[in-house]
1. Report, in debye and to the nearest 20, how large the dipole of region C:100-157 comes out about its Cα centre when Lys and Arg carry +1 and Asp and Glu carry -1 on their Cβ.
2. What is the local net charge at B:Asp78, summed over the other residues whose Cβ is closer than 12 Å to its Cβ (Lys, Arg +1; Asp, Glu -1)?
3. So what's region A:46-125 giving for Rg/Rh, alpha carbon basis, Kirkwood Rh from the mean inverse pair distance?
4. Give, rounded to the nearest 20 debye, the magnitude of the charge dipole that chain A has about its Cα centre when Lys and Arg contribute +1 at Cβ and Asp and Glu contribute -1 at Cβ.
5. Can you tell which of A:Val109, A:Ala80, A:Ala62 lies farthest toward the positive end of the dipole of region A:46-125, using +1 and -1 charges on the Cβ of basic and acidic side chains (Lys, Arg; Asp, Glu)?
6. Above 53 angstrom, tally the Cα pairs of the protein assembly as shown and express them as a % of all pairs, no decimals.
7. Only loop residues by DSSP count here, and only those with at most 14 other Cβ atoms within 10 Å; note down the GluC sites (Glu not before Pro) in region A:503-559 that meet that.
8. Can you list the HN-Hα couplings for region A:339-355, worked out from phi with the Karplus curve (6.51, -1.76, 1.60; θ = phi - 60°), rounded to whole Hz and with x for Gly and Pro?
Amino acid sequence: MTTSARRSKRTEALEQRPVNLDGFVEEWPEVGMVAMDSPYDPEPGVRVENGVIVELDGKPRAEFDFLDQFIADHAIDVEATEQAMAIPAVDIAHLLIDPRATRKDVLAVSRGLTPAKLLEVVKTMNVVEMMMALQKMRARRTPANQAHATSARDNPVQVAADAAEASLRGFRELETTLGVVRYAPLVAIALQVGAQAGTPGVLTQCALEEATELELGMRGITAYAETISVYGTEPVFCDGDDTPWSKAFLASAYASRGIKMRFTSGTGSEVQMGNAEGKSMLYLEIRCILVTKGAGVQGLQNGSISCIGVPGAVPAGIRAVLAENLIASMVDLECASGNDQSFSHSDMRRVARLLPQLLPGTDFVCSGYSSTPNYDNMFAGSNVDAEDYDDWNVLQRDLQVDGGLRHVPEAELLAVRNRAARALQGVFAHLGLPPITDKEIEAVTYAHGSKDLPPRDVLEDLKAAQSVMDRGVTGLDIVKGLDAAGFTDMAHSLLAVLRQRVSGDLLHTSAILTPELETLSAVNDTNDYAGPGTGYRPSGARWEEMKRLRHVVSAQNPEQEVG
Amino acid sequence: MADTGVSTRRTLRLDERGTAGPGGRSDEVVIGLSPAFGDFFTKTIVDIPHAEVLRELLAGIEEQGVHARVIRFRGGSDLAVIAHAAAKLSGSGIAVGVLSRGTTMIHQKDLVRLSNLELFPQAPLMDLDAFRKVGRNAARYAKGESPEPVPARNDFMARPRWQAKAALLHIKETEFVVPGADPVELDVRFQLADAG
Amino acid sequence: MQRPCNVTPLTVPGVTTPSQVDLDPGRDYPLAARRPELLKTPTGKRIDELTMEAVLAGEVAPEDLRIAPETLRLQARIAEQSGRPQLAQNFRRAAELTALPDELVLSIYNSLRPRASTKQQLTDIADELESAYSATLCAALVREAADVYERRNILAS
């Protein structure tokens, strides 16, 4: 470009648009910098001998890497594979979008498909067709949503209040993580307490290194786990210090303690780590999806997740992200579908990236939505944050699409934030943890983010966090603390969540607890979409709830607002 | 984009002086460079010239009265590997590792490789001042002090802007890896380029 | 909700094995609501004994909030009948792991990481799982890992 060239006023205006702060790169298929259409991806194919898959996507068994072998031996149904693979990809795509074919009809085929075949199927589909398919293939009939509740200062009081607000706004799962990892026990307790202050039955998790995450779960300080990462090439899997077998064992370990869990993967992680073996991002992600399936895990968080800047920078990258959500659902896994990381400087692009999951509905549309302003989001920001709540509610109302949230009047929000902070104050006192002052409670009731809060004594908190681990504090101690502080309803709700691990009902695909503490999963809330007029559609009380916004002019008296 | 604050252009000359060995003096910090730093690549992900990066690191170390040695590691492009290997060659046991794109780490030889003293994972946030402070802190560790860590910066919009470019830079740098190659001691010279 | 009455309630734990219970996912899931009589903690308590009063009276310990192997095998059958054989298999491996202490579970997980164990070490773990805990499915998983790790060169050297 010549520097002296005169620029038009329009170019200058366009240069100022936020979208031009986003990064875009050229495709480079040789190193895997390509979304889903690479000449180096294998051709689909399978060969079975004596009940064993001896050739997968053109590779003989002796050359299988560990993902190939795990997928061939655990994920693909050997009985079904040759017949399923004989069906042309475009016919399978038709099956996916044809409302007269049921979800079950698709599963009968998808159980026998190889990674390259699944890729070939979605390559025949545009995004509208994929959304059609996702609407049918989502495992749970009722969609839901997940929130992040974190604090830039790891302030437990803030996390409790934001968790309570998020819980009241409709999220069924809440996830936290830390800036300073040693803070984890206090923040996980705060999340657990806050979650119960909103609506009962909200499940919580704390994203940490695998072994620590399991320990908090075993103690009942968290209710489920999600940060169990899998990768699409052998070297990157090993860089993550795991294999499909170690991860399958970990999955059984969680189930053995009655704890719900899902794996995490996403397009772009392999090329980001410089070892994509020259395969497209989506092909490698499909291998992750099938490893998850083969490990017997009920679900997967995918949709690029923390690598969204990579598929987001290449052509058709967001189509590939939708395709990975679709394939997870199409092989009968719960799908927590991303939309959980800062994605674009452009509001227009943020929404466009969101609609393919919001419109068809997924098990968790976001995984998660930042319940704080993004500056407090310790997952490095989400695609949507606390300042987008009203926009989200309007989108739901405009399109009559259920994104799992609702408008809540400010008085109720203030009450629930205050109550969560007071409950945490009581629990901390009961457990002998550093005091939470009335001044902190007052501040957090009205706060937007951590900048609005008085700082805590971090060193004292960290000492206390260590003592929580040393003393063996469990979820039962939190129940007792809630009761002792006079928050008996929250104590009951938390005990009900803990009791779930005795029955194991939450271990099934796509399970959540309703505010009535009933288990809703793909077993008893099977997606029955069969075309227009069927499947989940917001109606009745839920639709009335969705109609409410911060400002709606009254029809009775246009000088006033309703709600 | 970070303001690089560079008005005059300096060029960097790195002459190889043979295989690098362990340092004898306890008052030195080693700066470990990635395979293509100041070679195929000339600037960080936000266009800070490598000459300026190195100059700030060296200045930060030397202003503390500590000696600096610059070594290139061609054997790998993993920052932890480079920084840890550099720390093992450092007479004080302290080293700074830096990748071409600007990601930086202070390491100590007795820590495990996947640990570190200070890590600056977001290359787009590394400006001249940050590199100067990294050099200063490394020198203070080498003197046995416990400096306040350089304040970590965080920008939640860095990912949408830089993540894919960072991946490309990493892949490109990895192409210059020579497996098993010995670390090489470098002579560093800065020259002021003609205005142009 | 009315309990289905076509099943003999389990009065003596351990007499009826999970495989003998008549289960229908559509009718019996979720078990906590529909078939609570089938659910016992590993310590032998009924799920309806895990009340707030019992917690406050100190009659509920963390061990009481664990899942029993029989329960996991019931859930495995529900998974199987719902068309999810892999999930069922995971639940059956989990049923075996209920007998292992937390530290052993974590240590086996760490041993299965790449380059963490020799083939002999993994074989020993599999043998222990089988002989000490009758964990045949988990033992098979570990042996399979040992073979693959050897072929792919990710054993400890």
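1. 380
2. With Lys, Arg at +1 and Asp, Glu at -1, the neighbours total -1.
3. For region A:46-125, the value is 0.99.
4. It comes to approximately 1020 debye.
5. A:Val109
6. When all Cα pairs of the protein assembly as shown are counted, 15 percent exceed 53 Å.
7. A:Glu516, A:Glu559
8. Values, residue by residue: 6, 10, 9, 3, 10, 8, 7, 9, 4, 4, 6, 4, 6, 4, 6, 8, 4 Hz.
All of the numbers you see were taken from the coordinates with simple rules; none came from a lab. Values in this document were obtained by computation on a predicted structure and should not be read as measured data. Methodologically, a virtual Cβ is constructed for each residue, glycine included, from the backbone with ideal geometry; neighbour enumeration extends over all protein chains shown.
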